[in-house]
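Report on the following structure.
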Amino acid sequence: MSVPATFRRVLEASDPDWTEGLQPNLVIHYGTAKRFKYLECYTMEAIAEVDAKIGALQRGSKQRRTMEAYFSAQTHPVVVDDNGRMLIPTWIREMIGLDGEALFVAAHDTFHIWNPETYEGEIAPQTEALLDDLPDDVDPLVLLEEGGF
């Protein structure tokens, strides 16, 4: 699967081991696929932040074990090759019904990989409904402000 060039630049900048001539690394969390129907891709910096938060939880606690099982045990490391592609195993792609084209959606310090049909059938209508609830004279960016609209 080809990674959009803008995403590759972010992956390179967020991989502390990357230098010119090397391929950037990322981590795919497929635990989201069971509930949200997308794959969440983490830069190396973002995954280190998550790992640090899990590591800060009390060792042996139920919360830490749960997060280790949900997060750490349901990830797959990936390298972007010289041609800007990444290989996602078939069994992971099948989790979101990905067979052919993929939709990449930026999500702050991660990005999501969707089956385009799933996104259009589920997420796009939710977004439209949210925007439809706003008065015509209200800029949707108001939703980013504390307290929203």
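Taking every residue in the stretch 3-27 that is within 14 Å of Asp82 (Cα to Cα) and pairing it with any residue that is open to solvent by less than 60 Å² (accessible area, probe 1.4 Å) and among the basic types (Lys, Arg), at least 6 positions away or on another chain, the pairs with Cβ-Cβ distances below 9 Å are Pro24/Arg8. Take the conditions (1) over 14 Å from the mean Cα position of the chain (by Cα); (2) assigned to a helix (DSSP H, G or I); (3) exposed (fewer than 12 other Cβ atoms within 10 Å of the Cβ); Gly60 misses just one of them, which is (2). Within the stretch 105-116, can one find any residue that is over 19 Å from Leu26 (Cα atoms) and within 16 Å of the chain's Cα centre (by Cα)? Checked the stretch 105-116: at least one residue is over 19 Å from Leu26 (Cα atoms) and within 16 Å of the chain's Cα centre (by Cα). Within the stretch 80-96, being open to solvent by less than 60 Å² (accessible area, probe 1.4 Å) and either among the β-branched types (Val, Ile, Thr) or without any contact (Cβ under 8 Å) to a residue 60 or more places away in the chain (or both) holds for Val80, Asp81, Ile88, Pro89, Ile92, Ile96. Here Thr66 meets each of (1) of a type in the set (Val, Ile, Thr); (2) under 26 Å from Ser2 (Cβ atoms); (3) without any contact (Cβ under 8 Å) to a residue 60 or more places away in the chain with one exception, condition (2). More than 24 Å from Pro16 (Cβ to Cβ), of a type in the set (Phe, Trp, Tyr) and either open to solvent by less than 90 Å² (accessible area, probe 1.4 Å) or out of contact with any Ser or Thr (no Cβ under 8 Å at 6 or more places or on another chain) (or both): is that true of Phe36 in this structure? Considered against the rule, which asks whether it is more than 24 Å from Pro16 (Cβ to Cβ), of a type in the set (Phe, Trp, Tyr) and either open to solvent by less than 90 Å² (accessible area, probe 1.4 Å) or out of contact with any Ser or Thr (no Cβ under 8 Å at 6 or more places or on another chain) (or both), Phe36 comes out as yes. Checked against (1) modelled with pLDDT under 90; (2) crowded, with 20+ Cβ neighbours inside 10 Å; (3) more than 16 Å from Ile113 (Cα to Cα); (4) not basic (Lys, Arg), Leu22 passes all but condition (2).
Just to be sure before I move on: is Ala48 in a helix (DSSP H, G or I) and crowded, with 19+ Cβ neighbours inside 10 Å in the structure I sent? No, not satisfied. Residues in the stretch 100-116 that are within 12 Å of Tyr42 (Cβ to Cβ) and open to solvent by 60 Å² or more (accessible area, probe 1.4 Å): His108, Asp109.
The values are calculated or read from the model by the stated rules, or taken from the named source; none is laboratory data. Fair warning: this is a prediction, and the values are worked out from it, not measured in the lab. Note that each Cβ is placed from the backbone with ideal geometry, even for glycine, and that neighbours are counted across all protein chains shown. Heavy atoms of the whole protein, side chains included, go into the accessibility calculation; ligands, DNA and RNA do not. Shrake-Rupley method; radii C 1.70, N 1.55, O 1.52, S 1.80 Å.
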